């Protein structure tokens with residue numbers, strides 16, 4: 001029985017030892033897709049460029065979340081005080097704020113009949129306790145206070161003291177008014193007529209340049225300077241940024257390869273043999289006999305292009321708070337090719353001489369235009385210094401290559417940097 | 001002889017595949033060695049990962065087939081195992097053969113899947129037998145009793161085994177694990193491992209006898 005069992009094990013072990021089954025060809029595709037996904041979601045600390053997908057996704061998600069949150073929580077839209085005309089119903093009433101002085105009782109009442117149509121007054125009524133109501137006035141208008149005091153009715157019991165109390169109340173209101181005036185916030189600073197912002201930024205760009213035979217995708221770091229003029233909610237921006245990108249160069253060549261097929265000893269000189277007077281010693285040199293074969297081959301090389309980008313942006317700030325702004329913009333971007341570097345082609349043979357070398361590298365346009373759209377989220381680090389984060393998408397109006405068969409490319413990227421407002 | 005020819009042909013096909021991959025890259029027809037491929041995989045280069053896959057896919061697929069109940073499940077195991085291998089290839093220290101390291105990953109993947117599905121009832125299913133179709137030509141095997149079985153039939157018999165039997169039998173017969181190790185790996189008792197192996201052997205013996213009776217084996 002034992003022997004049988006052993007045979008069973010051996011039967012299968014030996015029978016399947018050298019068997020040859022092949023998985024379907026789809027398996028590699030699935031593995032490749034899963035690897036791409038893992039690369040997409042994983043951080044790679046050795047190659048920061050690799051993380052651009054992740055940073056981009058995180059940035060866009062963060063922007064969407066911030067926008068959504070702000071839209072949901074925003075209950076106090078920005079107010080330009082100079083343009084608000086208060087309606088009579090907006091005038092809050094101070095109801096029977098009474099101050100007792102001895103026997104005298106002063107009842108200060110601001111009646112709804114008060115003519116405020118031509119007065120830029122906003123009165124906020126807040127309750128601190130049941131006995132006291134606070135009035136905050138923006139801005140201070142002495143005339144309005146005077147009018148209010150003129151509407152005050154005073155008990156005839158002690159008119160002199162009552163008048164003093166009313167004046168005290170008015171002075172108190174005046175003081176609270178001053179205290180209630182907010183300091184200049186980001187929101188207010190944005191309402192300044194014209195602001196100049198200068199800054200620098202850097203970021204990463206993922207650029208796809210479709211060719212006829214496949215896509216060239218490059219991830220490039222870039223950095224540059226920006227200048228921006230803001231007026232109200234609108235802003236115009238320009239600047240310069242530099243980026244480098246790599247691509248392949250293509251060469252075809254007829255070249256002659258050499259291989260040694262034999263050797264011979266070439267006599268270069270001879271000297272008499274001192275030991276044998278009738279003989280000579282030959283001084284020789286070993287030379288190879290080479291055979292050559294002409295070949296045709298292709299080689300790829302590494303190209304490096306440098307571009308200078310000048311954007312012309314027009315943006316609109318659609319959300320703002322005390323410490324942030326969120327804007328959307330559209331832009332035209334000019335990309336100027338400023339430098340090209342390439343490596344020499346190398347062919348596989350060890351010894352060769354190039355007979356004809358054809359450069360089939362696709363020539364690139366020196367000037368490219370593209371349309372760009374993006375979001376800009378800036379955070380106030382201080383009164384003048386801002387941190388900016390900007391995801392964007394760009395479509396090129398023409399192909400980067402002069403080849404008529406190539407299509408126009410696209411790019412997306414992320415900028416981040418700092419700006420200073422003046 | 002036929003088996004040797006088949007193996008040579010497979011090696012030729014493999015070399016051809018690797019050469020094609022190498023041709024499509026800047027390596028220009030030079031097939032890199034294992035170390036270069038592994039370094040390329042560590043660098044995350046898809047070309048090298050493809051090379052590694054092409055080189056070991058068939059061998060690992062056979063391993064997976066022994067732990068799977070059908071062709072599709074084996075491919076899932078293979079896929080899972082290779083993904084794990086590529087994600088952890090930095091952990092390969094170079095001690096021992098790479099093939100052995102890769103094989104251990106495949107086996108551990110199969111074990112993980114088994115443990116995950118352990119709660120499911122072991123049912124002998126023959127539904128998947130029809131779907132099993134080896135790609136290569138059949139190789140004849142001579143075993144005691146003068147009968148000959150094809151690798152396809154042998155593999156089919158293993159795959160017909162209930163999952164628990166198959167797992168224990170494969171770990172014992174092919175990988176050379178002892179019962180204690182199998183018990184530790186599968187989270188079962190040693191006695192269960194022994195019982196499963198015994199039942200697996202009986203089942204296989206019975207199936208072979210049956211095949212011989214029905215002359216389904218090629219004689």
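The values are calculated or read from the model by the stated rules, or taken from the named source; none is laboratory data. If you're wondering where the values come from, they're calculated on a predicted model, not measured in any experiment. Glycine also receives a Cβ, built like all others from the backbone with ideal geometry; neighbour counts cover every protein chain displayed.
Within segment B:70-93, which residues are more than 8 Å from chain A (Cβ to nearest Cβ) and under 15 Å from residue B:112 (Cα atoms)?
Across segment B:70-93, the qualifying residues are B:73, B:76, B:77, B:80, B:81, B:84, B:85.
Is there a residue in segment A:328-348 that is modelled with pLDDT of 80 or more and either outside any strand (DSSP E or B) or more than 30 Å from residue A:237 (Cα to Cα) (or both)?
Within segment A:328-348, none of the residues are modelled with pLDDT of 80 or more and either outside any strand (DSSP E or B) or more than 30 Å from residue A:237 (Cα to Cα) (or both).
Return a yes/no flag: does segment A:305-313 have any residue that is out of contact with any helix residue (DSSP H, G or I) (no Cβ under 8 Å at 6 or more places or on another chain) and within 30 Å of residue A:257 (Cα to Cα).
No, every residue in segment A:305-313 fails to be out of contact with any helix residue (DSSP H, G or I) (no Cβ under 8 Å at 6 or more places or on another chain) and within 30 Å of residue A:257 (Cα to Cα).
Right, residue A:261: within 23 Å of the chain's Cα centre (by Cα) and surrounded by fewer than 14 Cβ atoms within 10 Å (Cβ to Cβ) or not?
It is false that residue A:261 is within 23 Å of the chain's Cα centre (by Cα) and surrounded by fewer than 14 Cβ atoms within 10 Å (Cβ to Cβ).
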